[in-house]
Amino acid sequence: MGLKKKTTTVLSPEPPEEAKSVDELCHLLQSPDADIRRDAAQQLIGEPKAASALMARVPDEADESVIEVLFSAIQSVVDESLVPDIAQCLKSDSAQVRNAAIQLFQLQPQLFAKHVLELLSDEDTDTRIFAVDIIGAIQHHDARTWLHQVIQSDSSINVVGTAIDKLSEIGDVSSLPVLESARTKFADNGYICFAIDTVSKQLVDCANE
């Protein structure tokens, strides 16, 4: 009895998946599947044409991992046209979105600088506080001047208190008259007066070292 030859089935390799266009990927940002949205955002990193679609997805996105990739993609294509939307993210109910917007501004100090006065005059107190936090974090030659302006013009104790705190990091002796003007303005507020005393002493000590 002869041996039968074993037949081997050769499987044809599956053709590679055709790359999706930017428009198709932008459409997938609205998918009900978080994995699909995250993958689409990942593939849109470095695609300037997708900037508005990426930004538009942020307010409706609930998945933290997708939000993280969305902001990575936004960071890769950010320009001045996105600043109003990034500023709006500072008012988000999501701490992750707010922090991502703050970080994005910190990584784009020149872009932030062009719009800092708008942010510092925003009617929302928290937005102004976030702007002061960003000023304290970026290395910009006008940072100290901006903090001086906040202390002299803002009426919110919390905003001014944050600005005084940031002067402890980037202030110098030129900040002392500004701090004294705040003492007069907020003479009845023990917290502000204590902060002024503390920061003023620190600045004087640093100048005398």
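Sorted by packing (mean other beta-carbon atoms within 10 Å per residue), highest first, where do 147-155, 92-100 land?
Peptide ranking by packing, descending: 147-155, 92-100.
Apply the Debye scattering formula to the chain, with a single equal point scatterer on each alpha-carbon and no solvent, then give log10 I(q)/I(0) at q = 0.11, 0.12, 0.16 Å⁻¹.
Taking Cα atoms of the chain as identical point scatterers yields -0.64, -0.71, -0.99.
Please compute the volume of the convex hull spanned by the alpha-carbon atoms of the stretch 20-107 and report it per residue in Å³.
Dividing the Cα hull volume of the stretch 20-107 by its residues yields 77 Å³.
For the stretch 142-187 and the stretch 79-103, what is the separation of their C-alpha centers, rounded to whole Å?
What the calculation gives is 25 Å, centre to centre.
Taking a ≥ b ≥ c as the square roots of the Cα gyration tensor eigenvalues, with a/c under 1.5 meaning rounded and otherwise prolate when a/b beats b/c, else oblate, which class fits the stretch 110-208?
Oblate, because a/c is 1.5 or more while a/b does not exceed b/c.
Once every DSSP H run of n ≥ 4 in the chain is given -39500 (n - 2.57) and the sum is divided by its residues, what mean residue ellipticity at 222 nm do you get, rounded to the nearest 500 deg cm²/dmol?
Mean residue ellipticity, 222 nm, calculated: -20000 deg cm²/dmol.
Computed from the coordinates by the stated procedures, all read-outs in this text should not be read as laboratory data. Remember, predicted model here, so these are calculated numbers, not experimental data. No Cβ is skipped: glycine too gets one built from the backbone with ideal geometry, and neighbour counts run over all protein chains shown.
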